[in-house]
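Each remark here refers to the structure printed beneath this line.
The values are calculated or read from the model by the stated rules, or taken from the named source; none is laboratory data. Since the structure is predicted, the reported quantities are computational estimates derived from the model, not experimental observations. FYI the Cβ positions are ideal-geometry reconstructions off the backbone, even for glycines, and counts take in every protein chain you see.
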Amino acid sequence: MTDLGMTHFLTRNKYYLAVLMFKAVHGLVPQSISNNVLFNYEVSQRELRSFDNMNLYKMKPNCESFKHSLQYSGACVWNQLPLNVKEAETVNVFKKLYKDTCL
């Protein structure tokens with residue numbers, strides 16, 4: 001697949017999920033999606049050593065099917081991104097930084 005210039009399905013899925021989360025964080029998607037995105041500082045009042053203002057709150061899943069939801073899997077993908085990628089100004093800059101650093 002790499003010889004043909006194609007990416008693996010899971011890699012492509014993770015990329016599109018990261019782009020969707022970028023748009024949700026910056027309010028570029030419908031309000032129903034943006035309402036499901038919570039930052040850690042909105043939920044917890046304590047600052048931990050791993051505290052990062054750009055990390056999203058990840059709810060503890062009570063069943064296996066919740067791990068496939070946007071709230072959980074989107075937060076997992078977003079929290080794994082480097083800080084410079086999260087702080088991109090536009091969607092196009094985010095896509096370029098993501099492809100340069102994460103793929």
Legend entry - Enumeration of residues in region 33-63 that are among the basic types (Lys, Arg) and at pLDDT 75 or above: Lys58, Lys60
Legend entry - Residues (within 21 Å of Pro30 (Cα to Cα) and charged (D, E, K, R)) located in region 64-86: Lys86
Legend entry - Residue list for region 70-103, restricted to those being acidic (Asp, Glu) and surrounded by 12 or more Cβ atoms within 10 Å (Cβ to Cβ): Glu87
Legend entry - Residue within region 19-30 that is modelled with pLDDT under 90, surrounded by 14 or more Cβ atoms within 10 Å (Cβ to Cβ), over 16 Å from Leu103 (Cα atoms) and not aromatic (Phe, Trp, Tyr) present: no
Legend entry - Matching helices (runs of 4 or more DSSP H) fully within region 1-101 where at least 2 residues are without any contact (Cβ under 8 Å) to a residue 60 or more places away in the chain and polar (S, T, N, Q): 31-34
Legend entry - Selection within region 10-36 - under 17 Å from Ala88 (Cβ atoms) and touching a Gly at 6+ places or on another chain (Cβ under 8 Å): Leu17, Leu20, Met21, Ala24
